[in-house]
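J.: A single structure is presented below for examination.
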């Protein structure tokens, strides 16, 4: 096989590889999922319980409780919200660790460029930069070096570029 025909084959393969790379940059190919594991759900349950017990909820609970119990609780400096969280929190945590399943919070399918843009917007610059570097910059840099190596004169420089 002559040098000219090998050059044409390399050039054709280079064009095909770039042609396959470009749609992946702009077509939705990257899926990012956010999943809460049972341990994570159980870990945040007491905090969610505490934040979910608003003043209206506490007032509703007090209206259903025995007024003597409420007076005794308030007389001793107790806090109904704190007591509920302290009593129910560990039980909820234990039950969730045993019975909960993975909970998918979100799922996004984006292009590589869209994912990089989104990661920069949410201030995940390291992940965005790594994806950009290894999915875009490195492949295009390699293609450019191969293209230059095809048309450069010296054999030793061509071999180093390849």
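Yes or no, residue by residue, for (1) over 22 Å from residue 15 (Cα atoms); (2) touching a helix residue (DSSP H, G or I) at 6+ places or on another chain (Cβ under 9 Å); (3) assigned by TED's automatic domain parsing to the domain that holds residue 5; (4) at pLDDT 90 or above:
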| residue | (1), (2), (3), (4) |
| --- | --- |
| 117 | yes, yes, yes, yes |
| 133 | no, no, yes, yes |
| 146 | no, yes, yes, no |
| 162 | no, yes, yes, no |
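J.: Hey, can you tell me all the residues within region 61-89 that are without any contact (Cβ under 8 Å) to a residue 24 or more places away in the chain, surrounded by 11 or more Cβ atoms within 10 Å (Cβ to Cβ) and within 25 Å of residue 48 (Cβ to Cβ)? Please lay out each step first, then the result.
T.: Let us first name the residues in region 61-89 that are without any contact (Cβ under 8 Å) to a residue 24 or more places away in the chain, namely 61-80, 82-83, 86-87.
Within this subset, residues satisfying the condition of being surrounded by 11 or more Cβ atoms within 10 Å (Cβ to Cβ) are 61-62, 65, 69-70, 72-74, 78-80, 82-83, 86.
Once the filter is applied, which keeps residues that are without any contact (Cβ under 8 Å) to a residue 24 or more places away in the chain, surrounded by 11 or more Cβ atoms within 10 Å (Cβ to Cβ) and within 25 Å of residue 48 (Cβ to Cβ), region 61-89 yields 61, 62, 65, 70, 73, 78, 79, 80, 82, 83, 86.
J.: Oh, and also: Mind checking whether some residue in region 75-98 is assigned to a helix (DSSP H, G or I), under 30 Å from residue 127 (Cβ atoms) and at pLDDT below 80?
T.: Yes: region 75-98 contains one or more residues that are assigned to a helix (DSSP H, G or I), under 30 Å from residue 127 (Cβ atoms) and at pLDDT below 80.
J.: Same structure, new question: Against the definition (assigned to a helix (DSSP H, G or I), modelled with pLDDT of 80 or more, within 30 Å of residue 43 (Cα to Cα) and not assigned by TED's automatic domain parsing to the domain that holds residue 18), how does residue 60 come out, yes or no?
T.: Working: assigned to a helix (DSSP H, G or I): yes; modelled with pLDDT of 80 or more: yes; within 30 Å of residue 43 (Cα to Cα): yes; not assigned by TED's automatic domain parsing to the domain that holds residue 18: yes.
Spelling it out, residue 60 is indeed assigned to a helix (DSSP H, G or I), modelled with pLDDT of 80 or more, within 30 Å of residue 43 (Cα to Cα) and not assigned by TED's automatic domain parsing to the domain that holds residue 18.
J.: When only residues in region 28-53 that are in contact with a helix residue (DSSP H, G or I) (Cβ under 9 Å, 6 or more places away or on another chain) and assigned to a loop (DSSP other than H, G, I, E, B) count, which is surrounded by the most Cβ atoms within 10 Å (Cβ to Cβ)?
T.: Checked region 28-53; the qualifying residue surrounded by the most Cβ atoms within 10 Å (Cβ to Cβ) is 53.
J.: Can you name the condition, by its number, that residue 127 falls short on among (1) loosely packed, with under 13 Cβ neighbours inside 10 Å; (2) at pLDDT 80 or above; (3) in contact with a helix residue (DSSP H, G or I) (Cβ under 8 Å, 6 or more places away or on another chain)?
T.: Exception for residue 127: condition (1).
J.: Test residue 122 against the criterion of being under 29 Å from the mean Cα position of the chain (by Cα), in contact (Cβ under 8 Å) with a residue 24 or more places away in the chain and assigned by TED's automatic domain parsing to the domain that holds residue 6, and give yes or no.
T.: So residue 122 fails the test.
The values are calculated or read from the model by the stated rules, or taken from the named source; none is laboratory data. The model shown is predicted, which means the values in this text are computed figures rather than measured ones. Heads up, the Cβs are rebuilt from the backbone with ideal geometry, glycines too, and the neighbour counts pull from every protein chain shown.
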